[in-house]
1. From 112, 148, grab the single residue that is closer than 21 Å to residue 89 by Cβ and free of Cβ contacts under 8 Å to residues at least 60 places away in the same chain.
2. What is the residue count in region 89-129 for residues that are modelled with pLDDT under 95 and on the phi > 0 side of the Ramachandran plot?
3. Are any residues in region 1-24 touching a strand residue (DSSP E or B) at 6+ places or on another chain (Cβ under 7 Å) and assigned to a loop (DSSP other than H, G, I, E, B), and if so, which ones?
4. Please go through region 109-138 and give me each residue that is surrounded by fewer than 13 Cβ atoms within 10 Å (Cβ to Cβ) and under 23 Å from residue 78 (Cα atoms), ordered by number.
5. Look at region 25-42 and say how many of its residues are out of contact with any strand residue (DSSP E or B) (no Cβ under 9 Å at 6 or more places or on another chain) and within 21 Å of residue 113 (Cα to Cα).
6. Of everything in region 25-44, what is assigned to a helix (DSSP H, G or I) and surrounded by 20 or more Cβ atoms within 10 Å (Cβ to Cβ)? Give them in sequence order.
7. Please verify whether region 122-138 includes one or more residues that are touching a residue at least 12 places away in the same chain (Cβ under 8 Å) and over 25 Å from residue 42 (Cβ atoms).
């Protein structure tokens, strides 16, 4: 997939009760091995795509409960009230800068998504990953890695628009 290609599609939680639409350019895709993702997804890792927050619209607001699982800065994770699975999350990075964290598995067409840029919070990994992607361990290192990738994508997107 070409970088900075906008996508338009629908998404939902596992049971389909909590739906959302995405209309925008994915900024970064990454694999998260943090303990929160492992607990929420009931899997060894989460495949996550970051979009500008305005690109993602919840279609049934009362079907999702948003909560944080750690002290700020933290993703405010939307969990389906019906199946208790992740829908998408939102994080404030700075004033007027918010991002949506969308599980790739919740999107209807993953072929429109960019390739993952790396693994974060790899110190919490359950299984070794042999995919050639960078493996970043530690909280601060993982946050810096993602911040750099998001910033780079924002710059590329703004200059190519």
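The values are calculated or read from the model by the stated rules, or taken from the named source; none is laboratory data. Everything numeric here is computed off the predicted structure, so don't read it as measured data. Cβ sites come from the backbone with ideal geometry, for glycine too, and all protein chains shown count toward neighbours.
1. One residue alone meets the criteria, 148.
2. Total meeting the criteria: 1.
3. Hits for region 1-24 are 6, 13, 15, 17, 18.
4. 109, the sole residue that qualifies.
5. Selection size over region 25-42: 0.
6. Result: 37, single match.
7. Taking every residue of region 122-138 in turn, at least one turns out to be touching a residue at least 12 places away in the same chain (Cβ under 8 Å) and over 25 Å from residue 42 (Cβ atoms).
Okay, residues lined up against (1) in contact with a strand residue (DSSP E or B) (Cβ under 6 Å, 6 or more places away or on another chain); (2) within 24 Å of residue 5 (Cα to Cα):
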{"position": "66", "(1), (2)": "yes, no"}
{"position": "84", "(1), (2)": "no, no"}
{"position": "91", "(1), (2)": "yes, yes"}
{"position": "97", "(1), (2)": "no, yes"}
{"position": "106", "(1), (2)": "yes, yes"}
{"position": "112", "(1), (2)": "yes, yes"}
{"position": "117", "(1), (2)": "yes, yes"}
{"position": "135", "(1), (2)": "yes, no"}
